[in-house]
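To start, the structure under review is shown below, and the notes come after it.
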Amino acid sequence: MIASLARPGSSPLHRLAAAPKLAGLAITATALFFVDDPRLLATAFALGLTVARSTGAHFAEIGRDLAGAAMALAVLGLADWLLVDGATALAVVLRLGAIALLAHAVTMTTTTAELFEVLERLFGPAERLGLIDAGRAALTLTLAIRFVPLIVEEAQAIREAQAARGLDGSVLALAVPLLVRVIVRSEAVADAIDARGFPPERAATAPPRPPAIRPEIEADTP
Amino acid sequence: MTTRDLGLVALMAAVIVALGAVPAIPLAAGVPITLQSMGVMLAALILGPRRAAAAVSVVIALVALGLPVLAGGRGGLAVFAGPTAGFLFGWVPAAFVTGFLAMVLEATEKSTLVRTAQLTLAAIVGGIVVLYVCGIPWLAFVVEIGLAKAFMASLPFVPGDLAKAIVAAVVTVKVRQAVAIERK
């Protein structure tokens, strides 16, 4: 399974429900794009640091989590400084840094299950319009998470089989049989889900149901 | 969509995630070439427009759910405000256009070489042109460098993306010889 980036804890942000956190983040992040004053942006950045630290994570941990983002930000800041000017570079780095810290604070304090619920609620209107089926969408997300280790497993199995036959295996020699095998397995999983009658298909498109067990056969079983 | 469609959508989403775990080639100090955009091309060429767009939407949803599914273990909401978010959201139209072109262009009776060329073209138009059209304006806006400079900054990625389009097309032709999947 893939481990979530969320961490357990009991900070105020952990206790806050997922929906207001996400709404707050979206509003703050959008608002920051309309702010150009470096003093305000520096305040936002400091606020981001405070909020991220308030989750109980140490600065070292936060730094480790956001190392990739920080490096990209440094490159962008440098590019801005050389191509535009220092003030723009500072504003961009402070703004994106503040948003990254706030967003990471939400990610750290909200479990995947909580976010899932919000996502399902967001599907609601689209579901009522008949555009989407929340149950089936949720199933697809769950399946995707489950399929990742399955793909890794299959890749290892193919590699081992090829090594046993004395083959080194190019990218193509791995990719093609791997995709074929996981496609076949995904279809088997789908058929198994159908056989269990989940998720309930919506009317009209429902496949013909398998015939029920005949009563006389049922009667024969003790 | 049938349950098999959902399974295929989930599977190709998982393939895109798994490709993110393949070590990236660092380019231009910190901005890596990853194989995930090849995963998007593969999903589109194999599944066709609608299911491919669904598959990349699944990956984007997993990012939003705080799972480290992007290359280098990136994930979480910070990605959506980052400078490359346009390239992430651009996956949806990119996958749709690639899949649509694959569906329209590829005719089964032609030679393998011709089909590979057609699918490569589909992957280039959808997976590179459409994707960059989504990603570059966002990059220019967020970093405040202007469209021209954002375009120049994206150019170093083009050769790698062209190679990915060719590999995705070759793999797709071979995979579709083994399993019959109707594009839709």
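The values are calculated or read from the model by the stated rules, or taken from the named source; none is laboratory data. None of the values given here were measured: they were computed from a predicted structure. Glycine gets a Cβ as well: all are built from the backbone with ideal geometry, and neighbour counts include every protein chain shown.
Table: residues versus (1) in contact with a helix residue (DSSP H, G or I) (Cβ under 9 Å, 6 or more places away or on another chain); (2) of a type in the set (G, A, S); (3) at pLDDT below 95; (4) buried (at least 16 other Cβ atoms within 10 Å of the Cβ).
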{"residue": "B:T112", "(1), (2), (3), (4)": "yes, no, yes, no"}
{"residue": "B:R115", "(1), (2), (3), (4)": "yes, no, yes, yes"}
{"residue": "B:F141", "(1), (2), (3), (4)": "yes, no, yes, no"}
{"residue": "B:P159", "(1), (2), (3), (4)": "no, no, yes, no"}
{"residue": "B:R176", "(1), (2), (3), (4)": "yes, no, yes, yes"}
{"residue": "B:A180", "(1), (2), (3), (4)": "no, yes, yes, no"}
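For A:V152, state whether it is surrounded by 20 or more Cβ atoms within 10 Å (Cβ to Cβ) and β-branched (V, I, T).
No, not satisfied.
Suppose we filter A:A105, A:A69, A:A60, A:A42 for residues that are modelled with pLDDT of 85 or more, surrounded by 21 or more Cβ atoms within 10 Å (Cβ to Cβ) and not aromatic (F, W, Y); which single one remains?
A:A105
Look at segment A:148-185 and say how many of its residues are in contact with a helix residue (DSSP H, G or I) (Cβ under 6 Å, 6 or more places away or on another chain) and in contact (Cβ under 8 Å) with a residue 40 or more places away in the chain.
Adding up the residues that qualify gives 1.
Mind checking whether some residue in segment A:114-132 is within 7 Å of another protein chain (Cβ to nearest Cβ), outside any helix (DSSP H, G or I) and either under 22 Å from the mean Cα position of the chain (by Cα) or among the small types (G, A, S) (or both)?
Of the residues in segment A:114-132, the ones within 7 Å of another protein chain (Cβ to nearest Cβ) are A:115-116, A:119.
The next check asks that each one be outside any helix (DSSP H, G or I); those that pass are none.
Scanning segment A:114-132, I find no residue that is within 7 Å of another protein chain (Cβ to nearest Cβ), outside any helix (DSSP H, G or I) and either under 22 Å from the mean Cα position of the chain (by Cα) or among the small types (G, A, S) (or both), so the answer is no.
Anything in segment A:130-149 that is loosely packed, with under 14 Cβ neighbours inside 10 Å and under 14 Å from A:V189 (Cβ atoms)? List them, or say none.
Result: A:T142, A:P149.
From the list A:E120, A:E127, which one is touching a residue at least 12 places away in the same chain (Cβ under 8 Å) and not aromatic (F, W, Y)?
Just a single option satisfies the conditions, and that option is A:E120.
Here's a check for you: in segment A:159-189, which residue that is surrounded by 20 or more Cβ atoms within 10 Å (Cβ to Cβ) and more than 7 Å from chain B (Cβ to nearest Cβ) is nearest to B:V9 (Cα to Cα)?
A:L178
In segment B:65-79, which residues are facing another protein chain (nearest Cβ under 7 Å) and part of a helix (DSSP H, G or I)?
Once the filter is applied, which keeps residues that are facing another protein chain (nearest Cβ under 7 Å) and part of a helix (DSSP H, G or I), segment B:65-79 yields B:G72, B:A78.
Just to be sure before I move on: is A:G68 under 14 Å from A:A100 (Cβ atoms), free of Cβ contacts under 8 Å to residues at least 40 places away in the same chain and more than 12 Å from chain B (Cβ to nearest Cβ) in the structure I sent?
Criteria not met by A:G68.
Just the residues that are of a type in the set (A, V, I, L, M) and farther than 14 Å from B:V63 by Cβ, please, taken from segment A:105-117. Step through it out loud before you land on a result.
Taking segment A:105-117 and keeping what is of a type in the set (A, V, I, L, M), we get A:105-106, A:108, A:113, A:115.
Passing the criteria: A:A105, A:M108, A:A113.
Look at B:V22 and say whether it is at pLDDT below 90, among the aliphatic types (A, V, I, L, M), farther than 21 Å from B:C134 by Cα and surrounded by fewer than 24 Cβ atoms within 10 Å (Cβ to Cβ).
So B:V22 passes the test.
Just one of (1) surrounded by 20 or more Cβ atoms within 10 Å (Cβ to Cβ); (2) in contact with a Pro (Cβ under 9 Å, 6 or more places away or on another chain); (3) within 14 Å of another protein chain (Cβ to nearest Cβ) trips up B:L131, so point out which.
That leaves (3) as the condition not met.
Test each condition in (1) surrounded by fewer than 16 Cβ atoms within 10 Å (Cβ to Cβ); (2) assigned to a loop (DSSP other than H, G, I, E, B); (3) within 13 Å of another protein chain (Cβ to nearest Cβ) for A:A6 and report the one that comes out false.
With respect to (1) surrounded by fewer than 16 Cβ atoms within 10 Å (Cβ to Cβ); (2) assigned to a loop (DSSP other than H, G, I, E, B); (3) within 13 Å of another protein chain (Cβ to nearest Cβ), A:A6 is out only on (1).
Out of B:A44, B:A61, report the one residue that is crowded, with 24+ Cβ neighbours inside 10 Å and either assigned to a helix (DSSP H, G or I) or among the hydrophobic types (A, V, I, L, M, F, W, C) (or both).
Of the residues listed, the single one that is crowded, with 24+ Cβ neighbours inside 10 Å and either assigned to a helix (DSSP H, G or I) or among the hydrophobic types (A, V, I, L, M, F, W, C) (or both) is B:A44.
Given the criterion modelled with pLDDT of 95 or more and over 21 Å from B:V167 (Cβ atoms), identify the matching residue among B:V97, B:V92.
Selected residue: B:V92, the only one of B:V97, B:V92 that is modelled with pLDDT of 95 or more and over 21 Å from B:V167 (Cβ atoms).
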